[in-house]
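Participant: Dumping the structure here so I can ask a few things about it.
Readers should treat all values here as calculations from the given coordinates under stated rules, not as data from a laboratory. Since this is a predicted model, take the numbers as computed values, not measurements. Neighbour counts are summed over all protein chains in view; Cβ atoms, including those assigned to glycine, are modelled from backbone coordinates with ideal geometry.
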Amino acid sequence: MDTAFVWDQHFVTDLDSVDEQHHALVDLFNELSRGLFSKRSDREVVLADTYARLLAYTEHHFQEEEALMQTFGVDPRHVESHRCMHQQFVEQVIMLWAQRTTMSDPATTLVGFLTSWLGLHILGIDQSMARQIKSIQDGMLPADAYDKERGNHDNGTQALLKMIGKLYTALTSQNAQLALANQTLEARVRAHQRAGSSQHAPESAVQYRCFAGDCQPRALQ
């Protein structure tokens, strides 16, 4: 299965340090992808190492981008939005990784999220950051560069990228809730089994039903 993140010129921001770090992230994403789909016996050990390096480098890259924006005095409205996206991504990656054992197809879910998020992030807010920095370098005030970006760039494209980003966030949140509900249900099943038949109906006479997120054992009638 080909799950590689394929780099092309659309992802180039013309900010050398940013492009170099994006390339490094792509390499780590692809390394993690290969590990997730691998059948090797030491797969979990390799995955743990790759994930740790990916998370550490991601946080390093985000810190570098945020420092770059501060250096050029990018408008605070953009900086705050950009920083929030970084924080949300780190939280989502940590959550997805922790819940991967509850997923039916963790490799496809994780790789799909990582590569899609990075692609959308570069094409959207990172390219916007690069254009604003270029305008500031050309002598424009940061606030004017921000307003120019909002006014001149293809609003339809920006709206589409924003909505797709929201969709991925919503799907990630839903996956987290489903995984948590599954873990809760499994814990209740184990608790019931440990309690013994003297205080509860026989296991064969108990079924588990979820109503509005509330999963409880109920004796069969």
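Participant: Read phi for every residue in segment 91-101 and hand back ³J(HN,Hα) as whole Hz from Karplus 6.51 cos²θ - 1.76 cosθ + 1.60, θ = phi - 60°, with x for Gly and Pro.
Facilitator: 4, 5, 5, 4, 5, 4, 5, 5, 9, 4, 5
Participant: Mind sorting Y51, Y57 by how few other Cβ atoms lie within 10 Å of their own Cβ, fewest first?
Facilitator: Starting with the residue having the fewest Cβ neighbours, the order is Y57, Y51.
Participant: Taking amide hydrogens as modeled 1.01 Å from N in the peptide plane, which residues meet the under 5 Å criterion relative to V12, leaving out close sequence neighbours?
Facilitator: Answer set, sorted by chain and number: none.
Participant: Could I ask something else about it? Quick one: if you stick a label point 7 Å off each Cα along the C-beta vector at S41 and R77, how many nm between them?
Facilitator: About 6.0 nm, to one decimal.
Participant: Something else now. I'd like the Karplus ³J(HN,Hα) series for segment 124-129: coefficients 6.51, -1.76, 1.60, θ = phi - 60°, whole numbers in Hz, and an x wherever there's a Gly or Pro.
Facilitator: Listing the rounded values in order: x, 6, 5, 5, 5, 4 Hz.
Participant: Apply the Karplus curve 6.51 cos²θ - 1.76 cosθ + 1.60, θ = phi - 60°, to the phi angles in segment 55-70 and return the couplings in whole Hz, x for Gly and Pro.
Facilitator: Listing the rounded values in order: 5, 5, 6, 4, 5, 4, 4, 4, 4, 5, 5, 5, 5, 4, 5, 5 Hz.
Participant: Could you give me D for segment 9-153, from Stokes-Einstein at 4 °C and 1.567 mPa s, where the hydrodynamic radius is the Kirkwood radius over C-alpha pairs? Units µm² s⁻¹, please.
Facilitator: So the translational diffusion coefficient is about 79 µm²/s.
Participant: For segment 9-153, what relative contact order do you get, as a whole percent, if you take Cα pairs closer than 8 Å and at least 6 residues apart?
Facilitator: 32
Participant: Ordered by packing density, taken as the mean number of other Cβ atoms within 10 Å over each peptide's residues, highest first, how do 127-133, 41-47 rank?
Facilitator: Answer by packing, highest mean first, reads 127-133, 41-47.
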